[in-house]
Structures are given as structure tokens and as C-alpha cells.
Amino acid sequence: MLELLTVSLQCRCEMFEDLKQFVSKKEPHCVELSLNDVSAEHQFTMNKEEVSLVLTSPIYQSQNRICLRYKNISEGVNYANTQILALKFYGCNIGLKIFDSVYTRWHDAKDYPGFLYMGYPGEWVFNFKPPVAKNFVGICFG
């Protein structure tokens, strides 16, 4: 273990697409955020609901992995979308580095680098190397 890192990921649930001639009701879903071996989950219940999932986990000298994934999904259900709004290390927004991530849709196994909008069930992954204070601008220790 190199250090303990506190991560916060803010995301929003979008359950309805409301266009003039098309309305599609989507089901709320559960998401799980993990950082290496530590995880937390949240069950969305309404449209436009926002949540900040917070974890504290040991990080290591090698590559570390943050993953947001849909959890407990069933075949044939039209699930809500998830929009990732911010990723924070020690309470500091990592800014544009958030786009150094990959979203993978499970139904067709396609990877979408830099996507922060999960329109279908899948997982969003952000890999990083420590030290956090050196590699992420604006994060420092006093």
C-alpha cells in the first residue's frame, strides 16, 4: 500500500426520454462504484436523482482502477441512463483528466474512450497511477 485515497464520484440517473412524439419509460437501476477492492453501491429511485458515491481505499504503486458499473440487471429491461458528473480525489475535482476513461457497453462489448454518459448497462473505468498529489494538478497536501 502506498497511501489511502478518498474518491468521490458524482453521477445522475436519467429515467425518461421525452421527445415530442416519443416517450420511453426506463427503470431505475443500481450502480456500484469500486476502487481496487473496496466498493459502494446506490439504488436510484427517481428521474434526475444525483448521488455522490464516496470510498476510501488503499492504492498501490502499480495501476489502480476506479469502476462504476450497473448492478443486478436483467435481460430485456429498459434501464435508465447514468451520467457521470465529477470525479474527486481527496475532495478535489480532477478536471479534464476524467476523460482518460473508457465506457464499455455490455450488450455489444464496444468501448467508448472518454464517454461520461452510460446510455446502456455497462461499466465505466478510470485507471490511474500514484502519487495522486504529483499526477493530478491542483491536488496537494498542506
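Every read-out reported here was derived from the displayed coordinates using simple, explicitly stated rules and does not represent laboratory data. The structure displayed is predicted, hence computed values, not measured ones. When we count neighbours, we look across all protein chains shown, and the Cβ atoms used for this are built from the backbone with ideal geometry, even at glycine.
Of all trypsin sites (Lys or Arg not before Pro) in segment 78-130, which ones are in loop regions per DSSP and have a Cβ with at most 16 other Cβ atoms within 10 Å?
Answer in residue order: 110.
Please list the non-local residues whose amide H lies under 5 Å from the amide H of residue 5, H modeled 1.01 Å from N, same-chain partners needing a gap of 5 or more.
Those qualifying (amide H under 5 Å, at least 5 residues apart or on another chain) are 57, 59.
What ³J(HN,Hα) values, in whole Hz, does the Karplus curve 6.51 cos²θ - 1.76 cosθ + 1.60 give for segment 34-50 when θ = phi - 60°, with x put for Gly and Pro?
10, 10, 6, 9, 10, 9, 9, 10, 9, 9, 6, 10, 8, 5, 6, 5, 10
May I ask for the net charge around residue 48, where only other residues with Cβ less than 11 Å from the Cβ of residue 48 are counted and Lys, Arg are +1 while Asp, Glu are -1?
-2
Only helical DSSP H runs with n ≥ 4 go in: add -39500 (n - 2.57) per run for the chain, normalise by residue count and round the 222 nm mean residue ellipticity to 500 deg cm²/dmol.
Calculated at 222 nm, the ellipticity per residue is -500 deg cm²/dmol.
Pairs of lysine in segment 3-135 with Cα under 18 Å and at least 8 positions apart or on different chains: total?
8
Can you pull out the GluC sites (Glu not before Pro) in segment 1-95 whose DSSP state is coil and whose Cβ has at most 10 other Cβ atoms within 10 Å?
Loop-located and lightly packed - 75.
Taking the number of other C-beta atoms within 10 Å as the exposure measure, put 98, 66 in order starting with the fewest.
98, 66
Could you work out the relative contact order of segment 3-135? I mean the mean sequence separation of Cα pairs under 8 Å and 6+ apart, divided by the number of residues, in percent.
Relative CO of segment 3-135 lands at 28 percent.
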